[in-house]
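Colleague: Structure in structure tokens, see below.
The values are calculated or read from the model by the stated rules, or taken from the named source; none is laboratory data. None of these values were measured; they are calculated from a predicted model. Protein only, heavy atoms only, side chains kept; ligands, DNA and RNA dropped before computing areas. Shrake-Rupley method; radii C 1.70, N 1.55, O 1.52, S 1.80 Å.
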Amino acid sequence: MPNIVLIGFMGTGKSAIGRVIARALNFKFVDSDQMIEEVTGLTVNQIFRKHGEIRFRSEEDLVLAKLAKGDHLVIATGGGAILNHKSMEALKKNGYFVLLTADPEVILERVSRKNTRPLLAKGRNLENVNNLLAEREESYHYYADATIDTSRQDIEDSARQIIRIVKEKWSYEKS
């Protein structure tokens, strides 16, 4: 079975759902943002503040290149990782991409719970969320093998739906 790569905007549930999927499939769960923090010794916010987005994206590129070589992984990518086409193509070679979406209002409510979203530092409002979504939408859909809207279902239901889709796809390709 290929790696399962969760893509989508911040606050769509990639990390929470990814952990459930990994447990159910006996895969290893990896959050690319968390891995960047472990490698650099800095939080994502600290990297953005001290070094800027370009440095963060270069760290992200290194982490995703390493993850692309792994097997039996559920990978939760950062919301903007999709903009790095080189990394996405590397992950795609052994990865099934599931795009997690949510209504902008739901995203705003979810991300407002934490102060760890540097790209919303200019303002946690619907306009900023919609602008970032619009910038990334084409890339999200370009890479997605499947799309799940997490707006109105819980983490476990979303995970079960993804597992079913991936298993159906995998058994179809094996036959």
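Colleague: Per residue, how much accessible surface does the chain expose to a 1.4 Å probe? Answer in Å², no decimals.
Modeller: Using a 1.4 Å probe on heavy atoms only, each residue of the chain averages 53 Å².
Colleague: What length, rounded to one decimal in nm, is gained on full extension from residue 103 through to residue 72, with 0.36 nm per residue of separation minus their alpha-carbon distance?
Modeller: This chain segment gains 8.1 nm when fully extended.
Colleague: Separate question: Per DSSP H run of n ≥ 4, the term is -39500 (n - 2.57); total these for the chain, divide by its residue number, and report the mean residue ellipticity at 222 nm rounded to 500 deg cm²/dmol.
Modeller: -18500 deg cm²/dmol
Colleague: Expressed as cubic angstrom per residue, what is the convex hull volume of the alpha carbon set of the chain?
Modeller: 106 Å³
Colleague: Leaving out ligands, DNA and RNA, what percent of the accessible area of the chain is carbon and sulfur, probe 1.4 Å?
Modeller: C and S fraction of accessible area: 50 percent.
Colleague: Give 86/169; 69/169; 28/169; 66/86 a once-over and call out the pairs whose C-alpha atoms are over 18 Å from each other.
Modeller: 86/169; 69/169; 28/169
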